[in-house]
Amino acid sequence: MSVPFLSAGEVNARHADELKAAAARVIDSGWYILGEEVAAFEREFAAYCGVRHVVGVGNGFDALSLILRGYKQLGALREGDEVIVPGNTFIASFLAITENRLVPVPVEPDPTTFNLDPMRVEDAIGPRTRAIMAVHLYGQLADMPALSALARQHKLLLIEDAAQAHGAVGSGRKAGAWGDAAGFSFFPTKNLGALGDGGAVVTDDDALARCIAALRNYGSEVKYHYPYQGINSRLDEMQAAMLRVKLKYLDEDIARRREVARRYREGIHHWNILLPTVIHEEGHVWHLFVVRSDRRDELHLHLESHGIQSQVHYPLPPHFQPAYPSLHDIRLPLTERLHREVLSLPMGPTMDAQAVAQVVQACETFGGAR
Ligand SMILES: *Cc1c(COP(=O)(O)O)cnc(C)c1O
């Protein structure tokens, strides 16, 4: 049997009846943009995260970008300000910064957790630093107590890229409830996925929430009156309705992912495969199960020959992408090494014990030592 990396179709098939009923409700309502479904999802997701405000937007990138745009609008950020960001993140974290004419300052991660290393963040803080963007990579919270302390001490904004961390917990608080604001993505393969694009800004900052609620809708607070130059990035009523169904099952899905991770961690013992380090044993939501190997490409091919799909998150760091020629001189040896060594094993809430056993077995039969 072949093992897919993740099947979004299988994930949604479990709730097909409920999703279709929700879609029918939206179709019959005759109201498709910024209505009751979005408002209800915003309330429900705010309660889930433990924050005061959620603003539904078009996608995860826009969520991050609108947070920065909102803070510029409110005077907390200015063009040219520096934002500290992990070097080993999905390019959207960088793009949200540069889109706003801010300057990304990439920092090396802790190579065991893949998340920002607070000591290195502190070293990177300079006179133009105004914000830290922490990314909860692969579903585990970054060291938020340490990063919060740094942000307070240096009067910096702390923004969370929580696109991979819906429901993740650390030190008793959920992703999204640590920073000044956080951006979530509901891309279909995320832990909380819509059936299309979707995203949200979550925050306890009343002024920011109000500003972003306007910015996502052309900058309008009252119809045809525009205090801000906004954009069009709204969460659809249809996607909000899908997300309200899926939010009910998020904790159950996280539990299933944890069970897959538990079996991987118990079963895989190979001298060329380094298992992920878990800091928050109860709080990791396992968006991805990422191992490291100095023979990564061979391992990928080995798994493929056993019918198992694995992926690389990510093959080339943002500072080496052709899109960022100005960053090509930066050297981040740890980050660059991680990009050569990481491999994501199949992971998802619909993976059964047999598929997991097949992956474990294939890892155990990976070739001998060199
Ligand atoms: C998926 C993702 C995003 C972007 O989300 P989209 O909804 O695809 O725009 C941003 N940051 C990280 C870390 C992500 O994984």
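All of the numbers you see were taken from the coordinates with simple rules; none came from a lab. What you see is a predicted model, and the numbers here were worked out from it, not measured in a lab. Note: ideal-geometry Cβ built from the backbone for every residue, glycine included; neighbour counts use all protein chains shown.
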Anisotropy class of region 327-368 from Cα gyration tensor, a/c 1.5 cut: oblate
Options P118, S305, A261, ranked by Cα towards positive dipole end of the chain, top entry (Cβ charges): P118
Tail beyond 20 Å, pair distance distribution of region 1-63 (Cα, percent): 51
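Out of the DSSP beta bridges found with both residues in the chain, what percent are antiparallel (nearest 5)? All intermediate terms of the calculation are to be shown ahead of the outcome.
On the way: 23 of 40 bridges.
Taking every DSSP beta bridge with both residues in the chain, the antiparallel ones total about 60 percent.
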Calculated [θ] (222 nm, deg cm²/dmol) that DSSP helices of n ≥ 4 give over the chain, each run adding -39,500 (n - 2.57): -12000 deg cm²/dmol
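So which trypsin sites (Lys or Arg not before Pro) in region 186-239 end up in coil per DSSP with only 12 or fewer other C-beta atoms within 10 Å? Kindly include the intermediate steps, with their values, before the conclusion.
On the way: sites: K190, R210, R216, K223, R234; in loops: K190, R216, K223, R234.
Here the trypsin sites (Lys or Arg not before Pro) that fit, given the DSSP loop and packing criteria, are K223.
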Sparsely packed chymotrypsin sites (Phe, Trp or Tyr not before Pro) within region 242-284, loop by DSSP, other Cβ within 10 Å at most 15: W271
In region 157-308, lysine pairs with alpha-carbon atoms under 18 angstrom apart (chain gap of 8 or more, or interchain): 4
Whole-number percent relative contact order across the chain, with pairs defined as alpha carbons under 8 Å at least 6 apart: 22
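Could you work out the equivalent-ellipsoid semi-axes for region 42-97, taking the square root of 5 times each eigenvalue of the Cα gyration tensor, largest first, in whole Å? Mind dumping the intermediate values first?
Working: eigenvalues 102, 48, 21 Å².
They are 23, 15, 10 Å, listed from largest to smallest.
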Kirkwood-type radius of region 134-239, with distances r between different C-alpha atoms, in Å: 14.9
Compactness relative to 2.2 N^0.38 Å, alpha carbon Rg of region 88-183: 0.98
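In debye, nearest 20, what is the charge dipole magnitude of region 1-82 about its Cα centre with +1 on Lys and Arg Cβ and -1 on Asp and Glu Cβ, if you could check?
Numbers: 8 positive and 12 negative charges, 27 e Å.
Roughly 120 debye for region 1-82.
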Furthest towards positive pole of dipole, G35, N88, P4, structure part region 1-98, Cβ charges: N88
Evaluated over region 235-370, the Cα radius of gyration and Dmax, each in Å: 17.5, 56
Semi-axis lengths (Å, descending) of the ellipsoid that matches the C-alpha gyration tensor of the chain: 33, 27, 17
Percent of Cα-Cα distances greater than 23 Å, calculated over region 188-315: 55
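When the dipole is taken about the Cα centre of the chain, and only Lys, Arg (+1) and Asp, Glu (-1) are charged at their Cβ, what size is it in debye, to the nearest 20? Mind showing how you got there, number by number?
Numbers: 37 positive and 45 negative charges, 57 e Å.
The dipole of the chain has a size of about 280 debye.
Between exposed GluC sites (Glu not before Pro) in the chain, where DSSP calls loop and at most 10 other Cβ atoms lie within 10 Å, what's the longest gap? Walk me through the numbers on the way to the answer.
On the way: sites that count: E79, E281, E282.
Answer - 80-280.
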